[in-house]
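The values are calculated or read from the model by the stated rules, or taken from the named source; none is laboratory data. It should be emphasised that the depicted structure is a prediction, and the values quoted were computed from it without experimental measurement. Here Cβ is always computed from backbone atoms with ideal geometry, including for glycine, and neighbour counts include all displayed protein chains.
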Amino acid sequence: MPARTQLDEVDLAILRALAELGRPARPKEIAERAGLDARRVAAKMRKLRRLGLVERVEEGVYQITEEGRKALEQPVLA
């Protein structure tokens, strides 16, 4: 599992938004939920997919994985 230390606040905000939505969503919808810029969310998806925290269910639509949920539960390591 990727260390939580690899994730910044934007990554965590994206994961939280996806978890709260509870269904696959587009970056624009994730951004609105997380209070972020949609372009920034879209750019972060490659990293989150590479880490196995989100998966693409169709073109431009993503959902959080079980690993992503576990990453949200980990304590922040200082």
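Points worth noting:
- Complete set of residues in region 1-24 that are of a type in the set (A, V, I, L, M, F, W, C) and in a helix (DSSP H, G or I): Val10, Leu12, Ala13, Ile14, Leu15, Ala17, Leu18, Ala19, Leu21
- A Cβ distance below 6 Å, combined with a sequence gap of six or more or placement on separate chains, defines the contacts here; from region 52-78, residues that are of a type in the set (Ser, Thr, Tyr) reach residues that are modelled with pLDDT of 95 or more and in a strand (DSSP E or B) in the pairs Tyr62/Val54; Tyr62/Arg56; Thr65/Glu55.
- Taking first residues from region 5-29 that are of a type in the set (Val, Ile, Thr) and partners that are in a helix (DSSP H, G or I) and surrounded by fewer than 16 Cβ atoms within 10 Å (Cβ to Cβ), the Cβ contacts under 7 Å between residues at least 6 apart in sequence or on separate chains come to Val10/Arg40.
- In region 25-70, the qualifying residues are those that are acidic (Asp, Glu) and assigned to a helix (DSSP H, G or I), and the one that is surrounded by the most Cβ atoms within 10 Å (Cβ to Cβ) is Glu29.
- Single residue of region 7-38 satisfying the filter (closer than 13 Å to Val54 by Cα and among the basic types (Lys, Arg)) that is nearest to the chain's Cα centre (by Cα): Arg16
- Here Leu77 does not fit the description of being at pLDDT 95 or above and not basic (Lys, Arg).
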